[in-house]
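Colleague: Below is one structure. I have some questions about it.
All of the numbers you see were taken from the coordinates with simple rules; none came from a lab. Everything quoted here is computed from the prediction, not taken from an experiment. FYI the Cβ positions are ideal-geometry reconstructions off the backbone, even for glycines, and counts take in every protein chain you see.
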Amino acid sequence: MVKICCIGAGYVGGPTMAVIALKCPEIQVAVVDISVSRINAWNSDALPIYEPGLDDVVKQCRGKNLFFSTDVEKHVAEADIVFVSVNTPTKTQGLGAGKAADLTYWESAARMIADVSKSDKIVVEKSTVPVKTAEAIEKILTHNSKGINFQILSNPEFLAEGTAIEDLFKPDRVLIGGRETKEGTKAIETLRDVYAHWVPVDRIICTNLWSAELSKLAANAFLAQRISSVNAMSALCEATGADVSQVSHAVGKDTRIGPKFLNASVGFGGSCFQKDILNLVYICECNGLPEVANYWKQVIKVNDYQKNRFVNRIVSSMFNTVSGKKIAVLGFAFKKDTGDTRETPAIDVCKGLLGDKARLSIYDPQVNEEQIQRDLSMKKFDWDHPVHLQPMSPSSIKQVSVVWDAYAATKDAHGICILTEWDEFKTLDYQKIYDNMQKPAFVFDGRNIVDVAKLRDIGFIVYSIGKPLDQWLKDMPAVA
Ligand code: UDX
Ligand code: UDX
Ligand code: ADP
């Protein structure tokens, strides 16, 4: 029986291992983590992450061939294949601060693997890491190996949150990079056989180690670049009277471009895009390629511009001040169908509004008050450290209240900001909401989900990213 162990029971490790266990009943899968609370949650009815379909998969395998444990060393020692899916935060100090990946957690995991191993192992990079990390890890493993053979593979995960289970069941591709040696090829085949239980073999791509590592950074950079491209267009649409949805539709019809990932928004968020691009930028700079670095840097600059532009639009249209005004924030997660708030644009928008002394009433169906308060008090990049090491917010921000209903959030508010595209926000009773708000009542739709004409008929002043502006907004131009 093949035994798999995954170090890191997070958004990637948890769902990926659950699906491997489901699809490969003869493989025993252990997911381990240093966080006791996280492992306890994986073993309970309230899983630590919200992901459609995940509960079902976990229930089918847990206790049979899927186990969650804090006994990291025991499970690593027993495993034939060890996946490493630990945090890779952006460095906040020292060389490469603000850009380079901090590989502390990776390195400590590698040293631990070397320490406890008594048999040959395949070690698989699952977290996104800088190109050539595999080589560094290989050095740590072989220098401490006591004669044990370690084969290192890069097998980046492409699942997106909110659709993780679907993505894992039917991946566009599985990518496995390894050494181009006899042992390397054998290790690639072993991992390929695991995925071949349910993934057609023509979708399993095998490459060298560095191509696999770079492909992951490149895929995320390309995806983020599409969003920054359409968001840059959204600013031009507002200035010219074009409608960004019509432009995206027309552009996406070109089969060379394709229709997906062209929705203008308040900005992209999530744990990967910004971090991976910063990483890419740093690697380019270290390799003497400043032009390439600057090209990718611009994707992040446009994303920051988009978030600032949204805040400026709110403040300028409300007579240049939101001081003391109640603003309802609908949605805090970085996208719908997840409770994840890592790098969510809501953090920057809320901080911008708080900077102008607004009072915020926030509602998200999957994010609780403690998380929101923590996010709004945390420093940039501090989110990516193991949860149990994160400091609790010293005191909650008084101008922020978190409520469990969109109607409570909007009651007596001057304006509404929609920051996550949750389906339930499309079907709210906007007439009832309007009746209970201060007038003039504003809606700022950062996700283009409301029916602009209908809301204008009710009486709202509506701003929707990249859509033609109404007269009020034209008369109150946003300051740059
Ligand atoms: C991303 C990649 O899609 C995935 O392949 C990789 O493994 C991890 O990073 P994720 O961050 O979970 O996945 O979600 P994704 O759907 O890519 O959305 C990222 C951000 O872009 C979200 O904030 C989303 O709202 C935003 N977005 C996405 C847009 O603003 N417009 C779009 O058209 C698509
Ligand atoms: C382009 C658009 O494709 C077309 O829709 C528009 O109407 C006019 O502009 P064209 O310039 O004729 O058409 O050729 P195209 O095939 O787009 O190639 C443009 C340039 O890009 C060429 O120099 C081509 O060699 C280059 N190219 C194209 C690449 O370097 N790599 C590619 O993957 C594709
Ligand atoms: P991702 O989104 O990439 O899955 P997460 O932050 O959700 O990232 O998960 C990473 C997990 O790895 C965290 O639960 C953290 O506690 C765990 N972790 C970090 N370092 C170690 C380690 N040395 N041993 C075991 N688990 C670790």
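Colleague: Mind giving me the nanometre distance, one decimal, between the label points for K398 and W210, set 7 Å out from Cα along Cα→Cβ?
Modeller: Reported label-point gap for K398 and W210 is 5.7 nm.
Colleague: With everything on Cα atoms, drop me the angle between helix 209-240 and the longest principal axis of the chain, reported from 0 to 90° to the nearest 10.
Modeller: Approximately 10 degrees, to the nearest 10.
Colleague: Average projected area of the Cα convex hull of segment 234-335, in nm²? Numbers along the way, then the final one.
Modeller: Numbers: hull surface 37.2 nm².
Convex hull of Cα atoms, orientation-averaged projection: 9.3 nm².
Colleague: Taking the simple approach of a point 7 Å from Cα along Cα-to-Cβ for both E166 and N294, what is their distance in nm?
Modeller: 4.0 nm
Colleague: Right, something else. Please give the peptides 330-340, 438-448 ranked by average Cβ packing (other Cβ atoms within 10 Å per residue), highest first, as a rough proxy for protection. Write out the running numbers ahead of the final one.
Modeller: Values: 330-340: 23.8, 438-448: 21.1.
The densest-packed peptide leads the list: 330-340, 438-448.
Colleague: Shifting gears a bit: Counting pairs of alpha carbon atoms under 8 Å apart in space and at least six apart in sequence, what relative contact order in percent does the chain give?
Modeller: Details: 928 pairs, mean separation 62.6, N = 480.
Across the chain, relative contact order equals 13 percent.
Colleague: In Å, the Kirkwood hydrodynamic radius of the chain over pairs of distinct alpha carbons?
Modeller: Numbers: mean 1/r = 0.0420 Å⁻¹.
Radius from the Kirkwood sum: 23.8 Å.
Colleague: Going highest first, how would you order 121-134, 229-242 by mean Cβ packing within 10 Å?
Modeller: Numbers: 121-134: 22.6, 229-242: 17.8.
Those peptides, ordered most packed to least, come out 121-134, 229-242.
Colleague: Next question. Only counting other Cβ atoms within 10 Å, I'd like W422, W404 sorted with the fewest neighbours first.
Modeller: Numbers: W422 21, W404 11.
With the fewest neighbours first, W422, W404 line up as W404, W422.
Colleague: Got a sec? Charge dipole of the chain, +1 on Cβ for Lys and Arg, -1 for Asp and Glu; which of W42, M17, G269 is way out at the positive end?
Modeller: G269
Colleague: Specify whether the C-alpha gyration tensor of segment 1-131 places it in the rounded, prolate or oblate class, a ≥ b ≥ c being the square roots of the eigenvalues: rounded for a/c under 1.5, otherwise prolate if a/b is larger than b/c and oblate if not.
Modeller: On the way: a/c = 2.05, a/b = 1.35, b/c = 1.52.
The shape class here is oblate.
Colleague: So, one more: Need the full-extension length gain, D193 to A408, defined as separation in residues times 0.36 nm minus the C-alpha distance. One decimal, nm.
Modeller: Contour length minus Cα-Cα distance gives 72.2 nm.
Colleague: Next question. Among P200, S127, C417, whose Cα sits farthest toward the positive end of the charge dipole of the chain (+1 at Cβ of Lys/Arg, -1 at Cβ of Asp/Glu, about the Cα centre)?
Modeller: Farthest towards the positive end: C417.
Colleague: Further, regarding this structure: Just to confirm the filter: which GluC sites (Glu not before Pro) across segment 1-79 are DSSP coil and have at most 14 other Cβ within 10 angstrom of their Cβ? Walk me through the numbers on the way to the answer.
Modeller: Working: sites: E26, E73, E78; in loops: E26.
Passing sites in segment 1-79 are E26.
Colleague: Something else: Of all DSSP beta bridges located in the chain, what percent are antiparallel, nearest 5?
Modeller: 5 percent
Colleague: Quick one: L54, L289, L455, fewest Cβ neighbours within 10 Å first, how do they rank? Before the final figure, lay out the partial values.
Modeller: Numbers: L54 18, L289 13, L455 21.
Final ranking by Cβ density, sparse to dense: L289, L54, L455.
Colleague: Fewest to most neighbouring Cβ within 10 Å: what's the order for W42, W383, W210? Please list the in-between numbers first.
Modeller: Details: W42 25, W383 20, W210 15.
Fewest to most other Cβ atoms nearby, the residues stand as W210, W383, W42.
Colleague: What is the local net charge at F310, summed over the other residues whose Cβ is closer than 14 Å to its Cβ (Lys, Arg +1; Asp, Glu -1)?
Modeller: Working: positive: K307, R309, R313, K351, R447, K467; negative: E238, D304, D348, D356, D445.
Around F310, the surrounding residues sum to +1.
Colleague: Here's a follow-up. For the chain, find the longest principal axis of its Cα atoms and tell me its angle to the long axis of helix 273-286, 0 to 90°, nearest 10.
Modeller: The angle comes out near 60 degrees.
Colleague: Mind checking the dipole of segment 3-199: about its Cα centre, +1 per Lys or Arg Cβ, -1 per Asp or Glu Cβ, Debye to the nearest 20?
Modeller: Working: 22 positive and 26 negative charges, 79 e Å.
The dipole magnitude comes to about 380 debye.
Colleague: Please give the Cα centre distance for segment 59-128 versus segment 157-227, rounded to the nearest Å.
Modeller: Segment 59-128 and segment 157-227 have Cα centres spaced 18 Å from each other.
Colleague: Nearest 10 degrees, 0 to 90: what angle lies between the long axis of helix 13-23 and the longest principal axis of the chain (Cα atoms)?
Modeller: 60 degrees
Colleague: Hey, another quick one. Got a sec? Charge dipole of segment 279-371, +1 on Cβ for Lys and Arg, -1 for Asp and Glu; which of V292, G339, N308 is way out at the positive end?
Modeller: Positive-most Cα among the choices belongs to N308.
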